[in-house]
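Before any comments, here is the structure.
The values are calculated or read from the model by the stated rules, or taken from the named source; none is laboratory data. Remember, it's a predicted structure, so these values are computed and weren't measured experimentally. All Cβ positions, even for glycine, are placed from backbone atoms using ideal geometry, and neighbour counts span all protein chains on display. Keep in mind that these areas ignore ligands, DNA and RNA; they rest on the heavy atoms of the full protein, side chains included. Shrake-Rupley method; radii C 1.70, N 1.55, O 1.52, S 1.80 Å.
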Amino acid sequence: MRKQKNFYQKIKYSLLGMKKEDQRLIKSGRYKEAKTTIQKHTKELKKIIKQIDWPNVSKVGRKASRAAWLFAQHSVHDPKFQKRCLTLMKKEKTDEVEIKDVAYLDDRVRVQDGRRQVYGTQFYTSRDKKIKPRPIFKIKELDIRRQAVNLPPFEDYRKQMEKLYNQ
């Protein structure tokens, strides 16, 4: 039991260290270097999943589990892997993963497959340089779905995204 706990602790600290590196590079604007790092983190997350399945809260703690989701979310270069991560996350009990993280990854996978997103989390920059949402499934019911996964109302999120990206 103690060996297993130590093993999970090593994975936890590995995930947290990778997240720190990921966020530092993205915030620095060094996107080419960040892209290489994201690919490296994808490979590392694949190894972790092979060893322990999805790194959920019970195994590695909330922060490290969310870091694993972040690497899955950023793994746009490997859509097959993103789908696998989504499947693994959906199999977890709701207290073992952040439900809103599942929603973000679900939307990312759907958009990459050319389908409408369900939760309205994915945006793009249009030709006129404005941030706009990707197509959304049954938009009239969007806020009900968002509320069910602990996301704020879409209009609030849209304004936040516009403020962040339309500076």
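Per-structure values
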read-out: Index of the failed condition, Y124 passing every other in (1) over 27 Å from T36 (Cβ atoms); (2) without any contact (Cβ under 8 Å) to a residue 40 or more places away in the chain; (3) open to solvent by 70 Å² or more (accessible area, probe 1.4 Å); value: (1)
read-out: Test result for A68, closer than 17 Å to V109 by Cα, small (G, A, S) and in a helix (DSSP H, G or I); value: yes
read-out: Options D101, D106, D95, D22; residue that is of a type in the set (D, E), within 27 Å of D156 (Cβ to Cβ), surrounded by fewer than 14 Cβ atoms within 10 Å (Cβ to Cβ) and without any contact (Cβ under 8 Å) to a residue 60 or more places away in the chain; value: D95
read-out: Qualifying residues in segment 25-35 (those that are in a helix (DSSP H, G or I) and open to solvent by less than 80 Å² (accessible area, probe 1.4 Å)) - the one farthest from I52 (Cα to Cα); value: S28
read-out: Residue within segment 140-163 that is of a type in the set (A, V, I, L, M) and exposed (fewer than 13 other Cβ atoms within 10 Å of the Cβ) present; value: yes
read-out: Single residue of L70, L86 found to be within 17 Å of K19 (Cα to Cα) and either open to solvent by 30 Å² or more (accessible area, probe 1.4 Å) or not polar (S, T, N, Q) (or both); value: L70
